[in-house]
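Quick one: this structure, given as structure tokens, is what I'll be asking you about.
The values are calculated or read from the model by the stated rules, or taken from the named source; none is laboratory data. Owing to the predicted nature of the structure, the values given are computational and were not obtained by experimental measurement. So basically every Cβ, Gly included, is an ideal-geometry build from the backbone, and we count neighbours across all protein chains shown. The area values use the complete protein model at the heavy-atom level, side chains included, leaving out ligands, DNA and RNA. Shrake-Rupley method; radii C 1.70, N 1.55, O 1.52, S 1.80 Å.
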Amino acid sequence: MRDKAHRIVVIALLGALAGCATGTGDIVRDQPGPDYVQDAAGLVAAADWSKTRDVTVVLSEYKFAPADPIFQVRRAYRLILRNTGKNTHTFVSDGFFKAIAVQKLVSASGTIANPALESIELAPGAEKQLYFVPVKRGTFALECSVFLHDTYGMEGRITIL
Ligand SMILES: [Cu+2]
């Protein structure tokens, strides 16, 4: 619990320092670290976007639905995130964000190209769309980083096959 609170503070500070957000509270790194997918732009360009697959994950109190989405490498996806709850929620998966090549993150307030993501925040009623190509196979923990929401069950697992 103590670790979690500490992390939230650190993430908030990083977000403030980065000063690079799309709409409400998304946290995006200005410079992707070496653990992010390199040459994301090239991988995005190589994907067949005419066959984009839509996957929707709904956020509410206190769950992701589905909580265990599955993606396949090298395919183009549009991940639609929708908050149908009464609280703000976040979509946070460090492993997943570092396993994908992101084309863009689209929200009502605009589009950000090639973001190196740390957190996607959704206000009540908000929807955002993440266009990406899975690159690295694995299973990655998913959580809402709002205080205590994971404890209440707002967590999941993302698989890339
Ligand atoms: Cu939440």
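Look through 60, 93 and report the one residue that is crowded, with 18+ Cβ neighbours inside 10 Å, within 16 Å of the ligand (Cβ to nearest atom) and at pLDDT 95 or above. First the steps, then the outcome.
Values: 60 fails: crowded, with 18+ Cβ neighbours inside 10 Å.
Of the residues listed, the single one that is crowded, with 18+ Cβ neighbours inside 10 Å, within 16 Å of the ligand (Cβ to nearest atom) and at pLDDT 95 or above is 93.
Let me ask you something else. Take the residues of segment 142-158 that are touching an Asp or Glu at 6+ places or on another chain (Cβ under 7 Å) and outside any loop (DSSP other than H, G, I, E, B): which is least open to solvent (accessible area, probe 1.4 Å)?
Looking at the filtered set, the residue picked out is 142.
On the basis of being within 14 Å of the ligand (Cβ to nearest atom) and either within 12 Å of the chain's Cα centre (by Cα) or farther than 17 Å from residue 68 by Cα (or both), does residue 100 make the cut? Break it down stepwise before answering.
Working: within 14 Å of the ligand (Cβ to nearest atom): no; either within 12 Å of the chain's Cα centre (by Cα) or farther than 17 Å from residue 68 by Cα (or both): yes.
No; evaluated as a whole, the condition is false for this residue.
Which condition does residue 69 not pass, out of (1) in contact with a Ser or Thr (Cβ under 7 Å, 6 or more places away or on another chain); (2) more than 12 Å from the ligand (Cβ to nearest atom); (3) farther than 13 Å from residue 26 by Cα, if it passes all the others?
Among (1) in contact with a Ser or Thr (Cβ under 7 Å, 6 or more places away or on another chain); (2) more than 12 Å from the ligand (Cβ to nearest atom); (3) farther than 13 Å from residue 26 by Cα, the lone unmet condition for residue 69 is (1).
Residue by residue, here is whether (1) closer than 15 Å to residue 36 by Cα; (2) open to solvent by 10 Å² or more (accessible area, probe 1.4 Å) holds:
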site: 86; (1), (2): no, yes
site: 103; (1), (2): yes, yes
site: 114; (1), (2): yes, yes
site: 133; (1), (2): yes, no
site: 137; (1), (2): yes, yes
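May I ask you to say which residue of 70, 80 is out of contact with any helix residue (DSSP H, G or I) (no Cβ under 7 Å at 6 or more places or on another chain) and surrounded by 15 or more Cβ atoms within 10 Å (Cβ to Cβ)? Don't jump to the end; show me each part of the working.
Values: 70 fails: surrounded by 15 or more Cβ atoms within 10 Å (Cβ to Cβ).
Exactly one residue qualifies, and that residue is 80.
With the checklist (1) open to solvent by less than 30 Å² (accessible area, probe 1.4 Å); (2) more than 16 Å from the ligand (Cβ to nearest atom); (3) closer than 18 Å to residue 66 by Cα in hand, flag the one item residue 129 doesn't pass.
Just one mismatch for residue 129, condition (1).
All but one of (1) within 22 Å of residue 138 (Cβ to Cβ); (2) away from the ligand (no atom under 16 Å from the Cβ); (3) crowded, with 20+ Cβ neighbours inside 10 Å hold for residue 32; which doesn't?
So the condition that residue 32 fails would be (3).
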